[in-house]
Amino acid sequence: MASNNSQDSRQSLTNELIRSAAILDAYRCLPATDGNLSARLDQETILITKSGIEKRGLAESSFAAVKLNDSNPPDVSSEWPMHRAIYRTRADVDCVLHAHPPYLTSFAVSNRTPDVRLLAETSELIGDIASVPFVSPGSSALAEALLAASMTAAVYLLANHGAVSVGRTVAEALHRMERAEFLAQVAFQAACMRDGIPITDASISSFSGHHADPGR
Ligand SMILES: [Zn+2]
C-alpha cells in the first residue's frame with residue numbers, strides 16, 4: 001500500500017472513530033475517561049485510543065497505531081489486551097468499540113442479556129449478545145473470557161463492567177452498540193410497565209375521598 005493511501009486510510013478511520021465517540025457520548029455511554037475505540041489499519045496494525053483521555057473530545061493525537069504483536073505498548077488504552085485478542089482471533093472483525101452504556105451495563109450487572117427478539121431490527125442486525133462473566137478490567141483473562149463466551153457475537157456484555165461491540169466496519173460496530181443499547185432501554189422500560197399492575201376500580205372507590213384534593 002502506498003504511503004499516501006495508508007495516510008488517507010488512517011485519517012478516514014480516525015475521523016470515523018471520533019464521530020463514533022461523539023455519538024456514543026451523546027447516548028451517555030462514555031462517562032469520564034471510560035471506554036476505548038479501535039479499528040484495524042492493516043493486517044498487523046491497530047489504531048486505538050490512548051489511555052486516560054475523555055472520549056468526547058478526541059483528536060488525531062488521541063490515537064496510537066499499535067502492532068498486533070506488541071503485548072504491552074506504552075500509553076494506549078488499558079483494554080489493549082482485549083482489543084488485541086479479538087483482532088488476533090476474529091478475522092471477521094475490523095473495529096472494536098468498548099463503552100459503558102447505562103442500560104446495557106444495567107443488564108450486565110444483573111447478569112442478564114436483553115432478548116434480541118424483542119425488536120425486529122435487533123434480531124436481524126445484531127443476532128447474538130454474549131454474556132461474559134466478571135473478570136478484572138484490562139486483564140488478559142478478560143480477553144480470554146470474552147472469546148470463550150462467543151467467537152461470533154456482535155455484542156458482548158461484560159459482567160459488572162460494560163459492553164463491547166464488534167464489526168467489519170466502524171459504522172457496523174457503532175450501529176450494533178447503538179441498537180443494543182436502545183434494545184436494552186426498551187426491554188428495561190417494557191419490564192417496568194409489565195410489572196406495574198393498575199389499581200382496580202373497586203379499590204379506587206374504596207378509598208375515594210381519603211385524600212382531599214387541595215384544588216377543591
Ligand atoms: Zn470499561
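Values quoted throughout were computed directly from the atomic coordinates according to the rules given, and no laboratory measurement underlies them. Bear in mind that the values here come from a model prediction, so they are computed numbers and not experimental data. Cβ placement follows ideal geometry from the backbone for every residue including glycine, while neighbour counts extend to all protein chains displayed.
Residue 103: under 23 Å from residue 46 (Cβ atoms), crowded, with 19+ Cβ neighbours inside 10 Å and not hydrophobic (A, V, I, L, M, F, W, C), yes or no?
When the stated conditions are applied, residue 103 does not pass them.
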If we ask which residues in region 107-157 are farther than 18 Å from residue 185 by Cβ, more than 16 Å from the ligand (Cβ to nearest atom) and of a type in the set (Val, Ile, Thr), their number turns out to be 1
Those residues of region 37-62 which are of a type in the set (Lys, Arg), buried (at least 17 other Cβ atoms within 10 Å of the Cβ) and either part of a loop (DSSP other than H, G, I, E, B) or within 16 Å of the ligand (Cβ to nearest atom) (or both) amount to 55
Does residue 90 count as touching a helix residue (DSSP H, G or I) at 6+ places or on another chain (Cβ under 9 Å) and either among the hydroxyl-bearing types (Ser, Thr, Tyr) or more than 15 Å from the ligand (Cβ to nearest atom) (or both)?
yes
Per the filter on region 13-36, residues closer than 15 Å to residue 104 by Cα, in a helix (DSSP H, G or I) and either within 14 Å of the ligand (Cβ to nearest atom) or among the β-branched types (Val, Ile, Thr) (or both) are 24
Check residue 175 against each of (1) under 17 Å from the mean Cα position of the chain (by Cα); (2) in contact (Cβ under 8 Å) with a residue 60 or more places away in the chain and name the one condition it does not meet.
(2)
Any residue at all in region 58-65 that's closer than 20 Å to residue 175 by Cβ and free of Cβ contacts under 8 Å to residues at least 60 places away in the same chain?
yes
